Amino acid sequence: MTLSSPLSLVVGLLVTVALGWAVVVSGRRRKAALAAAGVALAGGRRTSFGAGLTIAGVAVLAIATAGPTAMVPVPRTAGTVILAIDVSNSMGADDVAPTRLAAAQRAARAFVAAQPDSVDIGVVAFERGALTTARPDADHAKALKAIDRLKVAGGTSLGAAIAVSLTAISGEQVTIDKEGKVPDIGYWPSATIVVFSDGQNQGQGLDKAAEVAQTAGVQVHTVGVGTTAGATVKVDGYNLQTSLDEETLTKIAQTTGGDYHPASDAALLDGVADTIDLRLTVSDEPLPLAGGLIWLALALLTAGAALTVLRSGRVI
């Protein structure tokens, strides 16, 4: 427990001691005077008990004026979340209305809105490459603006999405080289990556990128946007058939300790925020105790005064 004003406690306790001493001296004098007059003192113990309650109330009030604060462990959702959103051409398909990308944007916005200020949120847009469009920040308005700016273009590289997301989390450049070496970026158990994609991966290094995330303690949750039946999308004048690759997205999630969340229609995507469980952290937070102590002091003072008055007709 800490005190914001230790001096107030010292002064308050001195006042309490002085009051206690005054009660004792007053009681002795009264008892001696009554004894000299040949009058027996009735209810003395009860009167003394009432005075004791009053003094205890003053002592508690003295502690309250010192501003006591206790540090209490509080579990809460905290850490860093990177929303990696697929903006490849296949996300323009309309098998999820109005399009896969538009549905993913709506789900991502709902996810951001559901998070407390204790969660830093960043946004990574990816196609054949990946780009951090909003760095992790407690100001969630920045993430929402980045989500709104997304447009479809290019192919899909899930490996690049994870690598750039890990870069945003750790602050260190994460690259998957041709030799397949796994970079050491430290341990980030409070960080999470949420990937919104149809899983149509065309890039390299996905397995290694997932391995880096696993080694760093970063869970990757994947959200499948699209249907297995698929749809046709026009790219550079050609009609291309594209469908949801659940197997790839499930593998990524399982490798990193996350979960795969299928969302074949807009209604399911709207509920994504409720299905992804972020990890809880326990942190010590200050709990002011003055309010409770003041109420306790008032109760003691009231009880002490009432008992003393009832028994002796005196306040102390």
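Regarding segment 78-98, can at least one residue be identified that is more than 30 Å from Val10 (Cβ to Cβ) and without any contact (Cβ under 8 Å) to a residue 12 or more places away in the chain? Within segment 78-98, one or more residues are more than 30 Å from Val10 (Cβ to Cβ) and without any contact (Cβ under 8 Å) to a residue 12 or more places away in the chain. Taking first residues from segment 130-141 that are assigned by TED's automatic domain parsing to the domain that holds Ile169 and under 12 Å from Ser118 (Cα atoms) and partners that are at pLDDT below 90 and among the small types (Gly, Ala, Ser), the Cβ contacts under 9 Å between residues at least 6 apart in sequence or on separate chains come to Ala138/Ser118. Of all positions in segment 34-48, none carries a residue that is over 20 Å from Leu310 (Cα atoms) and at pLDDT 80 or above. Just a yes or no: is a residue in segment 72-87 part of a helix (DSSP H, G or I) and at pLDDT below 95? No, because not a single residue in segment 72-87 is part of a helix (DSSP H, G or I) and at pLDDT below 95. Among the residues of segment 1-33, the ones that are assigned to a helix (DSSP H, G or I), touching a Ser or Thr at 6+ places or on another chain (Cβ under 9 Å), at pLDDT 75 or above and not hydrophobic (A, V, I, L, M, F, W, C) come to 2 in all.
Considering every residue within segment 102-114, establish whether at least one is over 18 Å from Ile276 (Cα atoms) and part of a helix (DSSP H, G or I).
Yes, some residue in segment 102-114 is over 18 Å from Ile276 (Cα atoms) and part of a helix (DSSP H, G or I).
The values are calculated or read from the model by the stated rules, or taken from the named source; none is laboratory data. Since the model is a prediction, treat every value here as computed from it, not as a measurement. Methodologically, a virtual Cβ is constructed for each residue, glycine included, from the backbone with ideal geometry; neighbour enumeration extends over all protein chains shown.
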